[in-house]
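The next block holds one structure in the form of structure tokens; read it before the comments.
The values are calculated or read from the model by the stated rules, or taken from the named source; none is laboratory data. This is a predicted model, so every value here is computed, not measured. Virtual Cβ from ideal backbone geometry, glycine too; neighbours counted across all protein chains shown.
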């Protein structure tokens, strides 16, 4: 029996794969068009691979992620009994069978710590907010508080990974990557998914920003978040080297695209398409990013709203202002990550700094979006990876070093705009803020709700990898319909 030349065999196999790949994509597109037509959504833009499954309430997301876990019992979840029992041993029935971080170990014998600052009700809704957050207190009627969140993770990196990617183990696509993959972008000259980070000055918190917090996992890398830096060049390697004109760069990219297309036809690697797309995006960003970061046309009233730090690149206030400018230009997901909330022994010191740096800009962003008519279709989320214990970490006698440990069993986040019900407090914890007692919201429920607000059925937005269909909500999660407007 004669043998085939291996080179000829490879050529035939590649051709078959290319044919099947193109054929599958064509059939999939036709099927999607049919589904959209039956559901009355054919007129909706479907810039991504999936397109919307239902009429979206929000077009974009700004996630104000507070790394390190804000203390719910000191900021939003007012518990008079916790104040009354300050200094007493936590009752066994509240902690039985519960697992805490290794810094606490067993919670037996721990002393309860009352709220550091007093609470007061605000607005028509009567929402409780502590004196730590006076600016947030002024916008409570725009906010939907979810006070019954709970998670499976007890440490920071797994907790953040679970909340943003659906898994405690790094390597899954994050929320912004799923949105870019499923819905595409309305921004022609900016990425669909942008990330900015900040840290409170002089904090002792050692939180690290890992790249997998905005990674694309097993999705093509074109969907990963693009990190904008706080100083110097916002995006590294974007500018042309000295002596290279824009026309020359354009010619180089055209030649590279032709070479990459030859290779793509040969091996069918999707990352080649990603590489070409990223080259083109970088070329367009050479013109769009300088305009984006030029704040000279912003009126003085804007800086008065966000605070003076909004003029300083790298600060949380600056990033909040940039988030508004990004969504104005069509960016699908903006993820701000601010570290410093990990207050194991600094509740009475560094918590004041964190709130000072984040309170005013967070409230300003909601106000600014509403004034510009953007809040109705922009979903703003504020929250961290879990809460903090109602009992103390440290000694009651040493007030300067009071702290609270990680607490996965109950925490608070708020949402605004984008189809959520304003002026609502959803869910409830027990009288110590220890455990959820009404309307529990698991992390996967929260993710399913976010996707629903953007027109996505979380069970249908999937990606096949290693023989399994993966999704953001893993294998469970329900839309929290009680928060929908």
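Here are a few things to note about the model shown:
- In the stretch 238-262, the qualifying residues are those that are in contact (Cβ under 8 Å) with a residue 24 or more places away in the chain and in a loop (DSSP other than H, G, I, E, B), and the one that is farthest from residue 293 (Cα to Cα) is 240.
- Residue 97 falls short on exactly one of the conditions (1) at pLDDT below 90; (2) surrounded by 12 or more Cβ atoms within 10 Å (Cβ to Cβ), and that condition is (2).
Conditions tested, residue by residue: (1) touching a strand residue (DSSP E or B) at 6+ places or on another chain (Cβ under 9 Å); (2) surrounded by 14 or more Cβ atoms within 10 Å (Cβ to Cβ); (3) within 30 Å of residue 367 (Cβ to Cβ).
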{"site": "251", "(1), (2), (3)": "no, no, no"}
{"site": "260", "(1), (2), (3)": "no, yes, no"}
{"site": "265", "(1), (2), (3)": "no, no, no"}
{"site": "270", "(1), (2), (3)": "no, no, no"}
{"site": "285", "(1), (2), (3)": "yes, yes, yes"}
{"site": "300", "(1), (2), (3)": "no, no, yes"}
{"site": "303", "(1), (2), (3)": "no, yes, yes"}
{"site": "306", "(1), (2), (3)": "no, yes, yes"}
{"site": "318", "(1), (2), (3)": "yes, yes, yes"}
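- Only one of the numbered conditions (1) in the same structural domain as residue 333 (by TED's automatic domain parsing); (2) closer than 26 Å to residue 464 by Cβ; (3) at pLDDT below 95 is violated by residue 231, and that is (2).
- Residue check for residue 194: over 28 Å from residue 73 (Cα atoms) and touching a strand residue (DSSP E or B) at 6+ places or on another chain (Cβ under 9 Å): yes
- Enumeration of residues in the stretch 450-466 that are under 19 Å from the mean Cα position of the chain (by Cα), in contact (Cβ under 8 Å) with a residue 60 or more places away in the chain and part of a loop (DSSP other than H, G, I, E, B): 454, 455, 456, 457, 461
- Those helices (runs of 4 or more DSSP H) of the stretch 84-190 in which 1 or more residues are without any contact (Cβ under 8 Å) to a residue 40 or more places away in the chain occupy 92-95, 134-137, 156-165.
- Residue 304 falls short on exactly one of the conditions (1) part of a helix (DSSP H, G or I); (2) touching a residue at least 40 places away in the same chain (Cβ under 8 Å), and that condition is (2).
- Only a single item in (1) touching a residue at least 40 places away in the same chain (Cβ under 8 Å); (2) at negative phi; (3) within 23 Å of the chain's Cα centre (by Cα) is not met by residue 325, and it is number (1).
- Selection count, the stretch 467-480, where residues are surrounded by fewer than 10 Cβ atoms within 10 Å (Cβ to Cβ) and either touching a residue at least 12 places away in the same chain (Cβ under 8 Å) or in contact with a strand residue (DSSP E or B) (Cβ under 6 Å, 6 or more places away or on another chain) (or both): 0
- Enumerated strands (runs of 3 or more DSSP E) restricted to the stretch 352-429, each holding at least 3 residues that are in contact with a helix residue (DSSP H, G or I) (Cβ under 9 Å, 6 or more places away or on another chain) and crowded, with 23+ Cβ neighbours inside 10 Å: 378-383, 411-416
- Screening 469, 445 for residues that are more than 29 Å from residue 373 (Cβ to Cβ) and part of a strand (DSSP E or B) leaves exactly one candidate, 469.
- Comparison of 162, 175 shows that the only residue that is under 17 Å from residue 446 (Cα atoms) and touching a strand residue (DSSP E or B) at 6+ places or on another chain (Cβ under 8 Å) is 175.
- Of everything listed in (1) surrounded by 19 or more Cβ atoms within 10 Å (Cβ to Cβ); (2) modelled with pLDDT under 95, the single unmet condition for residue 449 is (2).
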